[in-house]
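The values are calculated or read from the model by the stated rules, or taken from the named source; none is laboratory data. Everything numeric here is computed off the predicted structure, so don't read it as measured data. Cβ sites come from the backbone with ideal geometry, for glycine too, and all protein chains shown count toward neighbours.
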Amino acid sequence: MPLATPSPLLRTFACAALLVLAAALASCGKSTPKLAPLAPDAVVLALGDSLTYGTGASTAQSYPAELERLIGRKVVSAGIPGEVSASGLARLPAVLDRIRPQVLILCHGGNDLLRKLDTAALAENLRAMVRHARDRGVAVVLIAVPKPGLFPSAHPVYTEVAAEYGLPIESDALAEILTDNELKSDPIHPNARGYARLAERVAALLKEAKAL
């Protein structure tokens with residue numbers, strides 16, 4: 001008895017499943033770029049907007065404060081609510097010169113995306129921030145900000161910049177946090193539990209990168 005021909009819907013579903021599997025397998029083969037080990041007295045700079053500032057929780061519950069407790073190094077928070085990436089770029093050189101960190105954790109651009117500013121300009125601002133840090137011998141770690149929407153996912157501009165400069169990147173944490181009502185204080189900000197989760201993921205990334 002001849003086998004039934006699969007329906008077009010079934011064939012489409014099978015192809016989609018194979019593509020997802022192939023992407024997952026490809027990502028498994030990628031290794032995290034390595035960083036120099038953090039010295040015991042190293043300073044880490046967290047630069048960003050309200051996500052770095054900790055809007056939706058207390059200062060002591062922001063992700064930089066939680067990260068400091070997790071990694072045993074000083075983490076300086078330089079987050080300004082409402083800031084766009086062009087303003088972050090403008091202030092970064094002076095902050096780097098004042099703080100003199102070993103590592104910069106860059107989580108910027110959420111307000112660019114919310115205001116629907118040019119994503120090409122956002123990419124260039126991120127690239128320039130990476131260059132400013134590297135020119136000073138500062139390593140960079142990137143946190144991807146999700147695209148606004150019902151189902152947030154990391155904007156591809158972050159993975160593109162990370163690949164271009166060989167940066168360790170936490171690409172999924174914020175998108176996952178902002179799809180869990182128990183981890184957010186409003187549609188675009190985590191709560192204390194969400195920031196703690198983000199800090200855990202960044203600490204894990206630093207370990208993968210051999211910084212810890």
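Summary of values
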{"quantity": "Residue ID - surrounded by the fewest Cβ atoms within 10 Å (Cβ to Cβ), chosen from residues in segment 160-180 that are under 22 Å from residue 118 (Cα atoms) and among the small types (Gly, Ala, Ser)", "calculated": "163"}
{"quantity": "Cross-chain or 6+ apart pairs with Cβ under 7 Å, segment 81-109 first and under 14 Å from residue 137 (Cα atoms) and outside any strand (DSSP E or B), then among the charged types (D, E, K, R) and modelled with pLDDT of 95 or more", "calculated": "96/136"}
{"quantity": "Count of segment 137-159 residues which are at pLDDT 95 or above and exposed (fewer than 13 other Cβ atoms within 10 Å of the Cβ)", "calculated": "1"}
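To keep it simple, each residue is scored yes or no on (1) at pLDDT 95 or above; (2) of a type outside the set (Lys, Arg); (3) buried (at least 21 other Cβ atoms within 10 Å of the Cβ).
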{"position": "34", "(1), (2), (3)": "yes, no, no"}
{"position": "43", "(1), (2), (3)": "yes, yes, no"}
{"position": "60", "(1), (2), (3)": "yes, yes, no"}
{"position": "76", "(1), (2), (3)": "yes, yes, no"}
{"position": "102", "(1), (2), (3)": "yes, yes, no"}
{"position": "109", "(1), (2), (3)": "yes, yes, yes"}
{"position": "117", "(1), (2), (3)": "yes, yes, no"}
{"position": "127", "(1), (2), (3)": "yes, no, no"}
{"position": "135", "(1), (2), (3)": "yes, yes, no"}
